[in-house]
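The values are calculated or read from the model by the stated rules, or taken from the named source; none is laboratory data. The structure displayed is predicted, hence computed values, not measured ones. Cβ placement follows ideal geometry from the backbone for every residue including glycine, while neighbour counts extend to all protein chains displayed. Note: areas computed on protein heavy atoms with side chains; ligands, DNA, RNA excluded. Shrake-Rupley method; radii C 1.70, N 1.55, O 1.52, S 1.80 Å.
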Amino acid sequence: MRLRAGGFWRWGAALFCALWLIPGAAWAAAWVTFPTSWDIGQAFAVSLTADTDYKDPAVTWMGRTVTLDVEQGGAGKVSYGLLGSDVRKIKPGDYPLLVEFTQGKQRFHVKGSIALREKRYPSEELKVAPKMVNPAKKDLPRIKKEGQLTAAALRTMTAKRRWTTPPGLPLSMIHITSHYGFHRVFNGQPRAPHAAADLRAAVGTSVRAPFAGTVVLTGHHYYAGKSVYLDSGNGVVTVFFHLSEIKVKKGERVARGQVIGKSGSTGRVTGPHLHFGLNLAGQYVDPMPLFETSVTELLKKGRQVKVLD
Ligand SMILES: [Zn+2]
């Protein structure tokens, strides 16, 4: 607020004090930043900044509400979120985004929308064991149960943000053998597009946590083989499939760069590799572009909306 000289100054100061004393009065400004359009399958950033304190920021996107951390940033408070859309589920179109937060006793709601554009991903043909394309009837209950466990792991929502961008590398050498979004044909039969990046890795190569976090699920699953799910807060979960060894336990706190397992060829594979996935509030997105950018850079591609005055 700018104070003017003379009478205005006096009235301005009086108004200033009055507003200051009213519980819940919001005289300061807040800004929400998000993109107006984006590619399907790619992560985008959302932020909320304000020069005064606020509480309980949350973003609702694709039917999921993500709780955000509040941190000190520059002259005020800031919250960041990473969100995206899953190439397997989402069609092009406009999708609503809702940002909420509390200042004083008032809950603010900021509604926006993001136009999701189609991104062309190539296709690839793969040869795997026939049972990995059409599983036997006896394996179906196991596959269903594993689907429920993984869905629960991907619903994890912790308020503390433990991820930073860019992430740490999961392998010391990165060579992508199958990109995110590839349309896949297994033994001549089309299946869902690839929801992660496959990275070349000989059996026994150390796999490292790209973010600090907590292990929310480990298992030896039908398709994923030996796998680890790591929650890093605010809806960010990374997954590591086809491992030969798991070096962490469910509930364990993991530091960025810590070895969580050894790569292998368990589950549905054509050979040894690491399937590295990034899930943002239930949406698997391409993890690889994040290694070459940061939330700050992603936010520069967004539009800033002023919320209050
Ligand atoms: Zn894969």
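Let's see how each residue does on (1) crowded, with 21+ Cβ neighbours inside 10 Å; (2) not aliphatic (A, V, I, L, M):
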site: 41; (1), (2): yes, yes
site: 44; (1), (2): yes, yes
site: 68; (1), (2): yes, no
site: 74; (1), (2): no, yes
site: 79; (1), (2): yes, yes
site: 89; (1), (2): no, yes
Query raised in the report: Does at least one position in region 201-221 carry a residue that is open to solvent by less than 10 Å² (accessible area, probe 1.4 Å) and of a type in the set (Val, Ile, Thr)?
Result: yes
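Please go through region 172-197 and pick out each residue that is assigned to a loop (DSSP other than H, G, I, E, B), under 23 Å from the mean Cα position of the chain (by Cα) and either outside the structural domain of residue 285 (by TED's automatic domain parsing) or not aromatic (Phe, Trp, Tyr) (or both). Lay out the reasoning, then the answer.
Keep residues of region 172-197 that are assigned to a loop (DSSP other than H, G, I, E, B), which gives 172-175, 179-182, 187-188, 192-196.
Adding the requirement that they be under 23 Å from the mean Cα position of the chain (by Cα) leaves 172, 174-175, 179-182, 192-196.
Passing the criteria: 172, 174, 175, 179, 181, 192, 193, 194, 195, 196.
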Report summary line: Cβ pairs under 9 Å, 6+ apart or interchain, first in region 175-195 and of a type in the set (Ser, Thr, Tyr) and within 11 Å of the ligand (Cβ to nearest atom), second at pLDDT below 85 and open to solvent by 20 Å² or more (accessible area, probe 1.4 Å), ordered by first then second residue, are 178/124; 178/126; 178/184
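Kindly establish whether residue 202 is away from the ligand (no atom under 16 Å from the Cβ) and in contact with a Pro (Cβ under 7 Å, 6 or more places away or on another chain).
Working: away from the ligand (no atom under 16 Å from the Cβ): yes; in contact with a Pro (Cβ under 7 Å, 6 or more places away or on another chain): yes.
In short, yes.
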Query - Filter result for residue 238 (crowded, with 19+ Cβ neighbours inside 10 Å, more than 16 Å from the ligand (Cβ to nearest atom) and either in a strand (DSSP E or B) or assigned by TED's automatic domain parsing to the domain that holds residue 142 (or both)) - result: no
Report task. Read through the list (1) assigned by TED's automatic domain parsing to the domain that holds residue 185; (2) at pLDDT 95 or above, then give the number of the only condition that residue 129 fails. Result -> (2)
Report summary line: The residue from 248, 215 that alone is in a strand (DSSP E or B) and hydrophobic (A, V, I, L, M, F, W, C) is 215
Report task. Working only within region 49-83, note down all residues that are part of a strand (DSSP E or B) and over 20 Å from residue 293 (Cβ atoms). Result -> 50, 55, 56, 57, 58, 60, 64, 65, 67, 72, 76, 77
Query raised in the report: Does residue 243 satisfy being part of a strand (DSSP E or B) and either open to solvent by less than 10 Å² (accessible area, probe 1.4 Å) or more than 24 Å from residue 67 (Cα to Cα) (or both)?
Result: yes
